[in-house]
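Here the structure comes first, spelled out in structure tokens, and everything after it is commentary.
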Amino acid sequence: MSEQAAGTGSDWVRLVREYASSVLIALGLALAIRTAVVQAFYIPSGSMEDTLLVGDYLLANKFVYGAPVDIPLTAITLFRLPGLREPQPGDIVIFRSPVDPDRDLIKRCVAVGGQTVEVRNKELFVDGVRFPDPPRSKYTDHTVLPAAANPRDNFGPYRVPPGQFFMMGDNRDNSYDSRYWRSVPKAMIKGKAMSIYWSWASDTETPYYTGLLSAPRVALGWLAGLPGRIRFGRLGNVIW
């Protein structure tokens, strides 16, 4: 009887070890993939409309530019893994904000180190050549602001330093970007936008929560409105 009990205890310990090792391996693989290959991001603002919308959830390719390896829970980069290429004009890039390094931004790269950027009456020129507006970009304000008042519509000329990148939002009249804080160093770049895996519109119809008695009504309203909020046509879209 004692030998059987001992055997049962040993089997239990071995089973726990196997489960624990499996969980640790899975967590290690997930961390490695998130660090070096792909990472999920959420679009909270309209600065990239109508290419990207508020409520889009996207995957970013971190491998293509060389993923930064950070100290956990910090914005401090220890080193970068080798990448396939540098960001190029036209790429939609995720990077740390030069103003607030704890915050991630997403914009379109329009120029690289050594190129000269100029905005003339809302039109973007790179090395003196008109940079074409992306297919889903937009302008929402017909007012043209002078450079002395605001760099939004008239900016530069500005020569991008070597190893840095000039970023602009596709929603040109509503984007806080390199026109305001200049170019982005390679060290701040995290990855290239790849595809949309989920998207839904903001919830504007669910009743407000006003206490415990309103909770069932709020929950039912949220569930009832959910199918209409999902942008099924955007799911799986490749980002250009």
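The values are calculated or read from the model by the stated rules, or taken from the named source; none is laboratory data. Remember, it's a predicted structure, so these values are computed and weren't measured experimentally. Ideal geometry is used to build each Cβ from the backbone, glycine not excepted, and the neighbour counts take in all protein chains shown.
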Residues located in the stretch 146-155, provided they are assigned to a loop (DSSP other than H, G, I, E, B) and over 13 Å from N174 (Cα atoms)
P146, A147, A148, A149, N154
Residue check: is R152 assigned by TED's automatic domain parsing to the domain that holds I94 and touching a helix residue (DSSP H, G or I) at 6+ places or on another chain (Cβ under 8 Å)?
yes
Would you check which residues across the stretch 70-96 are without any contact (Cβ under 8 Å) to a residue 40 or more places away in the chain and under 13 Å from K186 (Cα atoms) and list them?
F79, P82, G83, R85, Q88
Cβ pairs under 7 Å, 6+ apart, first in the stretch 185-212 and farther than 30 Å from A67 by Cα, second among the polar types (S, T, N, Q):
P207/S214
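Going by what's in this entry, would R217 be described as more than 30 Å from F232 (Cα to Cα) and either assigned to a strand (DSSP E or B) or of a type in the set (K, R) (or both)?
Numbers: more than 30 Å from F232 (Cα to Cα): no; either assigned to a strand (DSSP E or B) or of a type in the set (K, R) (or both): yes.
No: the conditions fail for R217.
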Given the conditions (1) surrounded by 15 or more Cβ atoms within 10 Å (Cβ to Cβ); (2) on the phi > 0 side of the Ramachandran plot, and given that V93 satisfies all but one, which numbered condition is not satisfied?
(2)
Positions within the stretch 109-132 being within 26 Å of the chain's Cα centre (by Cα), touching a residue at least 24 places away in the same chain (Cβ under 8 Å) and part of a loop (DSSP other than H, G, I, E, B), in sequence order:
G113, G114, Q115, K122, F131
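Which is modelled with pLDDT of 95 or more and surrounded by fewer than 15 Cβ atoms within 10 Å (Cβ to Cβ), of P207, P157? Show your work before the answer.
Numbers: P207 fails: modelled with pLDDT of 95 or more.
Just one listed residue meets the conditions, P157.
Mind telling me which of the residues Y176, Y158, Y209 ends up being part of a loop (DSSP other than H, G, I, E, B), more than 20 Å from the chain's Cα centre (by Cα) and either among the aromatic types (F, W, Y) or under 17 Å from P89 (Cβ atoms) (or both)? If you could, list the steps in order and put the result at the bottom.
Details: Y176 fails: more than 20 Å from the chain's Cα centre (by Cα); Y158 fails: part of a loop (DSSP other than H, G, I, E, B).
One residue alone meets the criteria, Y209.
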